[in-house]
Amino acid sequence: MASEPELLELLISKSLEHEGLSLQHLGRSTALRRLNGRWEGCYASSVAPAVWKRYQGLGLDLPFSEPFDLALALRERLMASDLVGHVAVEPGGGLRLFSMKHLDVQKKRGRILCKGCSTFFQEGNPFRTHVQNAQDTRCFSPEAAEYYLLPCQDSAAAAALEVSRRSLDPGLEAARDGNLKELQRLVESRWDPLIALDHHGNKALHWAAGNGHLEICRYLVQMRMDPKAPSEKHQNRCALHWAARNGQTSVCAYLLDLMGFVDVETDGKDTPLMLAAWQGHLETCRFLATQRADLNHLNSWGCNAMHKAARMDGEHSSLQMLDFLLSNDVKASLANCNGHNALHKAASFGSVEACRFLLLHGLDTRQAMAPDRERNTPSSLAFAAGYHRLAGELRHTEDVLWLTPAIYRAPETPGREEVPEDSAKI
C-alpha cells in the first residue's frame, strides 16, 4: 500500500492529467509532474473522495479520517509546488484547480480571484462589495484586505489621477494650474469648458476648486458651469467635495454661497466635511461646521467623520482632528456595517497614535474592542494588514479586558511601519 507522501504524489499527478484513479495505481509511486502546455484553464476533480471511498470499501487503512482531510493534504502539496495557481477545497473533499495561465488571463481582463470562495470578481467595487459582505471569513485574506478597506479611501483613484495629471486636456491643465489668461485664450479659440473632461469625468471647475484657484472658479461659473454638477465617474464628486477634500476653505465658502447646501453627497454618501476630516483639514472642517454641516452624517457603509479621520492617512491628518470631532460629540464608538468603529479603522491603517488616543478617550472597553461582523478584533485587523507591533499592543489590551490568563506578546518579526500615502490631488 502506498505511503502518505507517495499517495499524495500519485493523486496529484493523476488529478492533473484529468484521469480517474484506478485501484491498480494505488501501490505505485509517481513523481510530481509539471503541467503540460495544454492545461490552461480550471476544472473540478473528485479524486480525493473517490480514493477515500474506495479505500473504505475495501476495508483498507487510510491516513486521513475524511475525504476533506485528504483534499486538504493534496491542496497543501499542490500549493507548495509550482504546478497550479490556486487550489480550492469543497466541503465534500472535491478540488477546484486553477492554472497560473488562467489566473493571468483573468487578471488582464480586470478580474480577481477570491481565494476564500474561489470566485472571480471584477476589480474595484464588485470585489470590494463581495469581501465586505462575505459570510465566509476565508474571503477576508491578506490579499483582500486592501479591497475590504476601500469604502473610505480612493487610492485607486489616486493612481488614475496621477496619470490624468500627465495627459490633461490643455484647458483642464490651465484650470488646475490657475492660469487664467491661458484659460481665457482657450475659450476664445472655441475650447468649451462645459464639454472638456478627464477620464474620470472631472471638468475644469472640479480641477480649479480642488487646487484652490478662486478666480478660475468665478470665471468658470460665469461661463455657465454648474457648481452642483458631479463628475461623471469619480464617485460623483462635485466641486465642493474636491475643495473640501484638499482644504481649500475660501473656495468652499464661495461654492456654498452658490449652492446653498453644505451636505451634498457623493455616490457613497460622503459629504464635504467627511472628506475634509479624512484628509485632516481642521480649519475647513471648522468652517463647514459653522455652515451647519452634519458632523454625525453617515455614508453608505455607516461610517461617520470619525471613521475617516481615525485612519490618519491623509496629507494633514492629526490628533487635533480627532479631538475636534470628539468635542463636537461625534461618536468614536459607532460601528459601521462591517462592525468597525474608529478603533478598528485606525488599527486597519496602522495608526498607532490614533489607536492610543482613542483608547485614552473611551474605547478601552470590551464593547469597543469587540470582534467585527467577520469576528476580527482590532488587533487581528492590524496584524492582517502587516502592522505587527501595533497588533501586539492592541492584543495586550484585549487580553487584559477579557482577563486572558496568558497575556499575548508581540512577535519578533517586524511589521509595516508606514501606511501608503494618498497622493490624490485634483
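Coordinate-derived values only; no laboratory data. As the structure is a computational prediction, the values presented were derived from the model and not from experiment. Don't worry about glycine lacking a Cβ; one is built from the backbone with ideal geometry, like all the others, and counts go over all protein chains shown.
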- Expressed as a rounded percentage, what relative contact order does region 240-281 have, with Cα pairs under 8 Å and six or more residues apart? 51 percent
- Message: Starting from the 7 Å offset along Cα-to-Cβ, what nm value, one decimal, do you get for the label separation of residue 283 and residue 233?
- Response: 3.4 nm
- Query: Under the definition of Cα pairs under 8 Å and six or more residues apart, what whole-number percent is the relative contact order of region 295-371?
  - Reply: 31 percent
- So what J values fall out for region 110-118 if you push phi through Karplus, 6.51 cos²θ - 1.76 cosθ + 1.60 with θ = phi - 60°, rounded to Hz, Gly and Pro as x? x, 10, 10, 8, 7, 7, x, 10, 6
- Task: Determine ³J(HN,Hα), in whole Hz, for all residues of region 243-260 in sequence, where each value follows from phi through the Karplus function 6.51 cos²θ - 1.76 cosθ + 1.60 and θ = phi - 60°; x replaces Gly and Pro.
- Result: 5, 5, 4, 9, x, 8, 5, 5, 5, 4, 4, 5, 5, 5, 4, 7, 8, x
- Residue span residue 360 to residue 290: 0.36 nm per residue of separation minus Cα-Cα distance leaves a gain in nm of 22.4 nm
- Task: Could you work out how far apart the two model spin labels at residue 399 and residue 327 are, taking each label as a point 7 Å from the Cα in the direction of the beta carbon, and quote it in nm?
- Result: 3.8 nm
- Query: P(r) for region 155-401: what percent of alpha-carbon pairs falls in each 5 Å bin, starting at zero?
  - Reply: 1, 7, 13, 16, 16, 13, 11, 8, 6, 4, 2, 1, 0, 0, 0
- Query: Between residue 117 and residue 261, what is the FRET efficiency for a Förster distance of 30 Å, r being their Cβ-Cβ separation, to the nearest 0.05?
  - Reply: 0.10
- Task: Tabulate in residue order the Karplus-calculated ³J(HN,Hα) for region 178-187, using 6.51 cos²θ - 1.76 cosθ + 1.60 with θ = phi - 60°, rounded to whole Hz; enter x for Gly and Pro.
- Result: x, 8, 5, 4, 5, 5, 5, 4, 5, 5
- Message: What whole-number distance in Å separates the alpha-carbon centres of region 175-195 and region 302-325?
- Response: 36 Å
- Kindly provide the GluC sites (Glu not before Pro) of region 206-310 that DSSP labels as loop, not H, G, I, E or B, and whose Cβ sees at most 13 other Cβ atoms within 10 Å. 232
- Query: If only Cα atoms are counted, what is the Rg of region 316-399, and what is its Dmax, in Å?
  - Reply: 11.8, 33
- Query: What residues qualify as long-range amide H neighbours of residue 111, i.e. H under 5 Å apart, gap of 5 or more or another chain, H built at 1.01 Å from N?
  - Reply: 123
